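Shown next, in structure tokens, is the structure this report addresses.
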Amino acid sequence: MKHNENIDVSGHLEIYKVYEDGVEEQVFADHNVITSGMGVGLGLLYSGSGAADITNFQIRYFKLGVKGNTVVDTYGIDQVDLVSSLGQVEGISDYHTEVGSNLPIVTGYTMNYDGGAKSTSQGSYNWFFGVIPDNSIKRVDLNSVTYIMYIERGSCNSHTLNEIGLYMKNPLGYATTRSNLVAYRPFTDIAKTDDFALVFKWTLNF
Amino acid sequence: MVKGHVTICKIYKDGTQEIVLDEDNLTTNGLSYSLAEISMGAGSEYAEDFPPAYFQVGTDTIGYNTSLAISSHFYQLSAPFDWTDYGDETTLEVVKRYRGVLASCTDINVSPPSCSALLLTSSLLSSTLYSGVDEYFAVIPPEYISKIFMDSFEVEFTLDENSGNGKAITEVGLFSKNPKGLSQDSPLLIAYRKFTAITKTSDFSLVIRWSVGFLGVSNNVDNHDTGGYINPGPQIPGSSEEIS
């Protein structure tokens, strides 16, 4: 709920397993945390010191990770990235685990708290991001937007997923995208297999 | 979470300064609406249309109730200055612009559609449209906007000794330039503050300093001073990244 004198940006995440026969099972539903990266994007936009193209301020990327369980009791607004994102060691095959997997993935930098680029566990600066397509972004209310991320049956298998983050595309407007975390949520372990797809339904209220 | 803070300072001709207001403001629904519009790819496609570019001062107040969820759902000052109210000798650039407002339509099948501006109320998305009304605004030059912290912005403007004299000023509003991306600027209210009347005279200027953003909520970002401009931090070795 919006309240009195401040804009209380908030969010709610739902996760569903979708089996091949069409059966859906909700496995998670809870609020999330809006991180300081949202403020970084807002500050850059309204001070006129960031990217020139407004699409760079849109939330278009996400990451999945496997160590959210380590921060369940401590995560908060200061989170600048996932604890352990997919792709840092095995690259894109962490996401495309089966032949024919079509999950859209891009590479780019991740913004650190000071605007710099954050390095991976391997010392690289290249991170893998899932792409949120146009048709997966829905306006549900005057000030509410829902993002739907579909992880198909052939993607991210053999990983125990337990964290997800939404990223603003490239608010600094660099030639190589430098994306900042704007919303984060660890969740209960999901051992991903090719028996089911995962649907993340994330609603942000501005 | 997204907060605003406003400071109003009287500065007398002899240099004496007197702070007359130093409190939080109301961040209005125009800011929330703009963020949702950006997320949807609606509105302006140019980032330069979003920073604050105009302000108004007025002589009445909006009677919002801060205990209600719709307390920020208004897009206007209660009694904004007209052109003549700023004064003949003002150094401000005063312009007429089409102030943006969200309106609720009850019947779109008549011409013109039957709509009313939203004032301390909300509306279903499907029955809300963007409309406007001509009013007078004072221009905020881009160089008056600064950035001290990573997650906020600051803006400062002055009602000089020759402006608004004789008026009992009770409200001030900060307007985004043209977030809807119309062919001519359509300012949208993003922050508002009402206060005890300040009767403006030629004895002093009023300097209004505004900060909006994630103020004081993050230990890491808030402790990183950008020095007033954007500091992208340590560069990648061998990289020659530039803002495009």
Residue count, the range A:1-56, condition in contact with a Pro (Cβ under 8 Å, 6 or more places away or on another chain), at the interface with another protein chain (Cβ under 7 Å from one of its Cβ atoms) and not hydroxyl-bearing (Ser, Thr, Tyr), comes to 6
With the condition kept exactly as written, say whether any residue in the range A:55-66 is more than 15 Å from the chain's Cα centre (by Cα) and on the phi < 0 side of the Ramachandran plot.
yes
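Of a type outside the set (Lys, Arg), within 21 Å of A:Ser84 (Cβ to Cβ), more than 13 Å from chain B (Cβ to nearest Cβ) and not in a strand (DSSP E or B): is that true of A:Asn162 in this structure?
On the way: of a type outside the set (Lys, Arg): yes; within 21 Å of A:Ser84 (Cβ to Cβ): yes; more than 13 Å from chain B (Cβ to nearest Cβ): yes; not in a strand (DSSP E or B): no.
So A:Asn162 does not fit the description; no.
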Can you pull out every residue in the range A:134-152 that is part of a loop (DSSP other than H, G, I, E, B) and either under 17 Å from A:Lys169 (Cβ atoms) or within 10 Å of another protein chain (Cβ to nearest Cβ) (or both)?
A:Leu142, A:Asn143
Which one is surrounded by the fewest Cβ atoms within 10 Å (Cβ to Cβ), of the residues in the range A:60-79 that are over 27 Å from A:Gly154 (Cα atoms) and in contact with a Ser or Thr (Cβ under 7 Å, 6 or more places away or on another chain)?
A:Asp78
Anything in the range B:140-162 that is part of a strand (DSSP E or B), of a type outside the set (Ser, Thr, Tyr), surrounded by 17 or more Cβ atoms within 10 Å (Cβ to Cβ) and at pLDDT 90 or above? List them, or say none.
B:Ile145, B:Phe153, B:Glu154, B:Val155, B:Phe157, B:Leu159
Counting only strands (runs of 3 or more DSSP E) entirely within the range A:3-69, those with at least 3 residues that are within 24 Å of B:Thr28 (Cα to Cα) are A:10-19
Sort out for me the strands (runs of 3 or more DSSP E) sitting completely within the range B:1-104 that have 2 or more residues that are within 14 Å of chain A (Cβ to nearest Cβ) and among the acidic types (Asp, Glu).
B:17-24
Counting only residues in the range B:163-189 that are assigned to a strand (DSSP E or B) and not aliphatic (A, V, I, L, M), the one farthest from B:Pro113 (Cα to Cα) is identified as B:Thr170
Looking only at the range A:128-172, and only at residues there that are in contact with a helix residue (DSSP H, G or I) (Cβ under 7 Å, 6 or more places away or on another chain) and acidic (Asp, Glu), the one that is nearest to A:Arg185 (Cα to Cα)
A:Glu163
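The values are calculated or read from the model by the stated rules, or taken from the named source; none is laboratory data. Not measured: the values here are computed from a predicted model. Positions of Cβ are generated from backbone atoms using ideal geometry, with glycine treated the same way; all protein chains shown enter the neighbour counts.
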